[in-house]
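Peer 1: Shown below is the structure under consideration.
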Amino acid sequence: MRFEIVKSGSRIARRKVLGVALYENFTSEDLASLPSSIALLAEMFIPRENFRAKRGSVLVVPLANGEIQCVALAGLGPRESVGTDDYRLAAFNIVRTAASRGASSVSMAIPESSERLISRAIGEGAALACYRFGKYRAPDEDDRFAPPETTAVLGGDAKALSEGCTIGECQCYARDLANEPGNVINPDVLAKIANDLALEKGIKIKVFDESELAAKGMNALLSVGKGSATPPRLIHLEYAPKSPVAAAAIVGKGITFDSGGLDIKPADSMLTMKGDKTGACVALGVIKAASELKLPVSVHAIIGAAENMPGGNSYRPDDIIRAYNGRTIEINNTDAEGRVTLADTLAYACELKPDNVIDIATLTGACAVALGDTTAGLFTNDDKFGAEFLAAASTSGERFWKLPMDDENLRKKIKSPVADVVNSAGRYGGAITAAMFLENFVEKGCPWIHLDIAATDFVKEPYSYYVKGATAYGLRGIMAWLLALADADR
Ligand code: BES
Ligand code: MN
Ligand code: ZN
């Protein structure tokens, strides 16, 4: 999408859809960006349709003559309690109105858009509005969906708008990957997709195949993939700018399909498990965005890709596996496979000596039980890093909530009589014991955050700016943190 910054209201009138975002208790003055005859018409519709500019609401005023198709009024909610995400949602609603009508151009008059973080949010919302996963479905007869080519914004911070747009588009890239089913994306295909991205962006890449994994002693990742007809891959991309201010490693869980393995899932729980590679897709989206934004931060994206399947060669309950860092894992549930693959990939990430490691994983149903499906879990071994991340991510519109890792009685549950750790520890505190398991594979002293995006990764009923399907949750939060690192240095 192309953004154009326009300085005066009269210049935005020549678009197919004219968008205006409004606070509750708006007055006719707030419609001043519209041509006066159109503003008058809108003012007639407002009471008729009882439009009150509630958060997330939209009023479409159709126009019958001329080039302009309609006006889209988007509610921001009460001015006193407005937040960054309200602007993101309003921008989404305006651009979505245009896209669903196949309008080639749209304009947005949104208050406070000169504010950097608000402009970034508007860019994100606009890009998210252009999303749908339609490649496998013939469009309905009356379907006019087409993303607008140009978006004119009244006022606005050009750099922040385009940053936001890049972030939104990279989130859509990650959503597209996450939405692909297991018959299309297997570990080898994911590696090829990563390779294409690396070639396009001039990013370094190294892919380890099954024999290289065996030679390196990455038995944990290998074991999880043993039941599948397509063997695992470790994918390592590196975006390396000149004179970086910091280096971050993003480690993504890349289970291309999670059947549960021999501890097979019931049918209902297996549905949507194509989404179990979302962490990996987010890691790819983050490195894509970092390179497009030319961030002054080195970013490693590390993905352990495997398919968790039952079969004659599957790893089993009772197996004891030596991970890459030498620690041994007793398997008591093959469906707790994500943490087993992360054992190797986290240890590999720490070897690179980055300043920070973030892993992102659709790890536990327990996290969804604890926090619901619109908040992700955050775990850390470094409270300062955790606080910095939460502060930066607070304007991203993605919700994260820190869960504790200091319960030493709970930690006992991952003790094993035959190995260093056991891979599953029962229902109670399941998201926390999973994080405690991971900590065994993070080098001491390395600031680390674990994001559990189970359930936030996939939308069953549309909400806010998410349509059904993959969200690539966590991408905007991570980008907000990376951008804050970069900004702090400017
Ligand atoms: N991929 C699942 C977690 C998941 C659940 C993601 C729901 C998205 C939505 C993970 O591999 C898994 O199966 N976890 C088990 C762990 C248990 C066996 C300890 C779970 O959460 O039930
Ligand atoms: Mn599983
Ligand atoms: Zn899984």
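The values are calculated or read from the model by the stated rules, or taken from the named source; none is laboratory data. These numbers were taken from a predicted model, which means no experiment stands behind them. Don't worry about glycine lacking a Cβ; one is built from the backbone with ideal geometry, like all the others, and counts go over all protein chains shown.
Peer 1: Name the one entry in Glu307, Glu330, Glu238 that is more than 15 Å from ligand 2 (Cβ to nearest atom) and either closer than 17 Å to Val207 by Cβ or out of contact with any Ser or Thr (no Cβ under 9 Å at 6 or more places or on another chain) (or both).
Peer 2: Glu238
Peer 1: OK, next. Being of a type in the set (Ser, Thr, Tyr) and either within 16 Å of ligand 2 (Cβ to nearest atom) or not assigned by TED's automatic domain parsing to the domain that holds Ala323 (or both) is the filter here, so list the residues in the stretch 346-373 that pass it.
Peer 2: Residues satisfying the conditions are Thr362, Thr364.
Peer 1: Could you pull out the residue among Thr341, Thr328, Thr334 that is modelled with pLDDT of 95 or more and either away from ligand 1 (no atom under 14 Å from the Cβ) or at positive phi (or both)?
Peer 2: After applying the criteria, what remains is Thr328.
Listed here are the residues, each with its yes/no results for (1) within 24 Å of Asp335 (Cβ to Cβ); (2) within 16 Å of ligand 2 (Cβ to nearest atom); (3) of a type in the set (Lys, Arg).
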{"site": "Arg411", "(1), (2), (3)": "yes, no, yes"}
{"site": "Ala419", "(1), (2), (3)": "yes, no, no"}
{"site": "Tyr428", "(1), (2), (3)": "yes, no, no"}
{"site": "Thr433", "(1), (2), (3)": "yes, yes, no"}
{"site": "Phe441", "(1), (2), (3)": "yes, no, no"}
{"site": "Pro462", "(1), (2), (3)": "no, no, no"}
{"site": "Gly474", "(1), (2), (3)": "yes, no, no"}
{"site": "Ala480", "(1), (2), (3)": "no, no, no"}
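Peer 1: So, restricting to helices (runs of 4 or more DSSP H) that lie completely within the stretch 322-420, which ones have at least 3 residues that are within 26 Å of Tyr239 (Cα to Cα)?
Peer 2: The qualifying helices (runs of 4 or more DSSP H) are 338-351, 383-393.
Peer 1: Separate question: Go through the residues of the stretch 148-156 one by one and say whether even a single one is of a type in the set (D, E, K, R) and closer than 13 Å to Glu4 by Cβ.
Peer 2: yes
Peer 1: Which pairs turn up if I take residues in the stretch 244-261 that are at pLDDT 95 or above and look for partners that are within 10 Å of ligand 2 (Cβ to nearest atom) and part of a strand (DSSP E or B) with beta carbon separation below 9 Å, at least 6 apart in sequence or on another chain?
Peer 2: Ile255/Asn308; Thr256/Asn308; Phe257/Asn308; Asp258/Asn308; Ser259/Asn308; Gly260/Asn308; Gly261/Asn308
Peer 1: Looking at the stretch 379-410 only, could you name the residues that are of a type in the set (A, V, I, L, M) and closer than 22 Å to Ser464 by Cα?
Peer 2: Leu390, Ala391, Ala392, Ala393
Peer 1: Additional query: Return the pairs, sorted by first residue and then second, in which the second residue is exposed (fewer than 15 other Cβ atoms within 10 Å of the Cβ) and assigned to a helix (DSSP H, G or I), the first residue lies in the stretch 208-232 and is assigned by TED's automatic domain parsing to the domain that holds Lys192, the beta carbons are less than 7 Å apart, and the residues are 6+ apart or on different chains.
Peer 2: From residues that are assigned by TED's automatic domain parsing to the domain that holds Lys192, the pairs are Leu222/Ala214.
Peer 1: Sticking with this structure for a sec: Looking at Asp452 and the list (1) out of contact with any Ser or Thr (no Cβ under 8 Å at 6 or more places or on another chain); (2) among the charged types (D, E, K, R); (3) touching a residue at least 24 places away in the same chain (Cβ under 8 Å), which single condition is not satisfied?
Peer 2: The single condition Asp452 does not satisfy is (1).
Peer 1: Which of (1) in contact with a helix residue (DSSP H, G or I) (Cβ under 9 Å, 6 or more places away or on another chain); (2) surrounded by 16 or more Cβ atoms within 10 Å (Cβ to Cβ) does Asp407 not meet, given it meets every other one?
Peer 2: Among (1) in contact with a helix residue (DSSP H, G or I) (Cβ under 9 Å, 6 or more places away or on another chain); (2) surrounded by 16 or more Cβ atoms within 10 Å (Cβ to Cβ), Asp407 violates only (2).
Peer 1: Are any of the residues in the stretch 290-309 within 11 Å of ligand 1 (Cβ to nearest atom), more than 16 Å from Thr456 (Cβ to Cβ) and free of Cβ contacts under 8 Å to residues at least 24 places away in the same chain?
Peer 2: No, that holds for no residue.
Peer 1: Still on this structure, please answer the following. What pairs can you find where one residue is in the stretch 62-83 and assigned to a helix (DSSP H, G or I), the other is of a type in the set (Asp, Glu), and their Cβ atoms are less than 9 Å apart, with a gap of 6+ or different chains?
Peer 2: Matching pairs, first to second residue: Arg79/Glu24.
Peer 1: For the stretch 31-51, which residues satisfy the criterion of being within 17 Å of Gly75 (Cβ to Cβ), assigned to a helix (DSSP H, G or I) and not small (Gly, Ala, Ser)?
Peer 2: Selection gives Leu31, Glu43, Phe45, Ile46, Pro47, Arg48.
Peer 1: Can you find a residue that is within 16 Å of ligand 2 (Cβ to nearest atom), within 18 Å of the chain's Cα centre (by Cα) and within 19 Å of Lys253 (Cα to Cα) anywhere in the stretch 283-303?
Peer 2: No.
Peer 1: Please determine, by comparing only the residues of the stretch 311-325 that are of a type in the set (Gly, Ala, Ser) and more than 16 Å from ligand 3 (Cβ to nearest atom), which one is surrounded by the fewest Cβ atoms within 10 Å (Cβ to Cβ).
Peer 2: Among those that are of a type in the set (Gly, Ala, Ser) and more than 16 Å from ligand 3 (Cβ to nearest atom), it is Gly312.
Peer 1: Could you grab me the full set of residues in the stretch 285-310 that are part of a strand (DSSP E or B) and within 16 Å of ligand 3 (Cβ to nearest atom)?
Peer 2: Scanning the stretch 285-310 gives Ile303, Gly304, Ala305, Ala306, Glu307, Asn308.
Peer 1: Determine which member of the set Ile46, Ile12 is modelled with pLDDT of 95 or more, of a type outside the set (Lys, Arg) and in contact with a strand residue (DSSP E or B) (Cβ under 9 Å, 6 or more places away or on another chain).
Peer 2: Matching residue, one of Ile46, Ile12: Ile46.
Peer 1: Would the stretch 130-143 turn up any residue that is crowded, with 21+ Cβ neighbours inside 10 Å and either assigned to a strand (DSSP E or B) or touching a Lys or Arg at 6+ places or on another chain (Cβ under 9 Å) (or both)?
Peer 2: Among the residues of the stretch 130-143, at least one is crowded, with 21+ Cβ neighbours inside 10 Å and either assigned to a strand (DSSP E or B) or touching a Lys or Arg at 6+ places or on another chain (Cβ under 9 Å) (or both), which makes the answer yes.
Peer 1: Can you name the residue in the stretch 227-269 that is within 16 Å of ligand 1 (Cβ to nearest atom) and among the basic types (Lys, Arg) and is also surrounded by the most Cβ atoms within 10 Å (Cβ to Cβ) among such residues?
Peer 2: Lys253
Peer 1: Are any of the residues in the stretch 423-435 of a type in the set (Phe, Trp, Tyr) and surrounded by 22 or more Cβ atoms within 10 Å (Cβ to Cβ)?
Peer 2: The answer is no; no qualifying residue exists.
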